Structures are given as C-alpha cells and as structure tokens.
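Just below is one structure, and these are the notes that go with it.
The values are calculated or read from the model by the stated rules, or taken from the named source; none is laboratory data. Small disclaimer: the values here were computed from a predicted structure and weren't measured. Cβ sites come from the backbone with ideal geometry, for glycine too, and all protein chains shown count toward neighbours. Protein only, heavy atoms only, side chains kept; ligands, DNA and RNA dropped before computing areas. Shrake-Rupley method; radii C 1.70, N 1.55, O 1.52, S 1.80 Å.
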Amino acid sequence: MKLLEYIENYAIMKKKFAEKIGMHHVQFYEIVNGKQRVPEKYMKKIVKVTEGKVTLTDLMQQNIDLLERSDAQSKETQNS
C-alpha cells in the first residue's frame, strides 16, 4: 500500500504521523505528495507505525517512481 493511500484510508493526520516517526512535518508532506524520496532511516519506522500495511517494498517503489518521473521530466526539458 502506498503511504498516501494509508494516510487517506485511515484518516491519519500527516503532522501526527510525522511526529510518530520523528520526521519534520514539512518533509513528510513532501514525501507523501511525491516530491521527495523517503529517506532510508525512516523506512523501518514507517513500516512499524503502519503495522506492515506500508511495506519496505512499497517505500522503495515510491522512491523509484519519483526518480523515474524526475528522469522523464529532465529528458523532456532537454528535448524542448
């Protein structure tokens, strides 16, 4: 399950979740909105707080998706 899905499905307040994992809420908002990667040091904490509903694989895939979008945008910019 994606982190954003978890937050929405369980009506979790983003700021409270960020506090639970020891992350600044602004950084957490950026992550949930797909603008910043999930730092490895928070991955296990996220899995634990979500009781495994968000997995390490989910978080790593989120990071990969962000990199791929960034790559695609860079290529579009270069071709313009």
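What the Cβ-Cβ distance of Lys48 and Met1 gives, at R0 = 22 Å and to the nearest 0.05, is a FRET efficiency of 0.90.
Modelled spin-label separation between Ile21 and Glu8, with each label point placed 7 Å from Cα along the Cα-to-Cβ direction: 1.7 nm. Any lysines with Cα under 29 Å of the Lys75 Cα? List them, leaving off those in the same chain fewer than 8 positions away. Partners found: Lys2, Lys35. Per residue, the accessible area of the stretch 1-53 comes to 67 Å² when a 1.4 Å probe rolls over the protein heavy atoms. Of the solvent-accessible surface of the chain, computed with a 1.4 Å probe and all protein chains present, 51% belongs to carbon and sulfur. Within the straight-line cut-off of under 12 Å between alpha carbons, the aspartates and glutamates reachable from Lys45 are Glu19, sequence neighbours fewer than 8 places apart in one chain being disregarded.
Working from Cα pairs under 8 Å separated by at least six residues, relative contact order for the chain is 32 percent.
Taking the square roots of 5 times each eigenvalue of the Cα gyration tensor of the chain, largest first, gives ellipsoid semi-axes of 25, 13, 11 Å. Here the simple spin-label model places points 7 Å from the Cα toward Cβ, and for Ser70 and Glu30 these points are separated by 1.0 nm.
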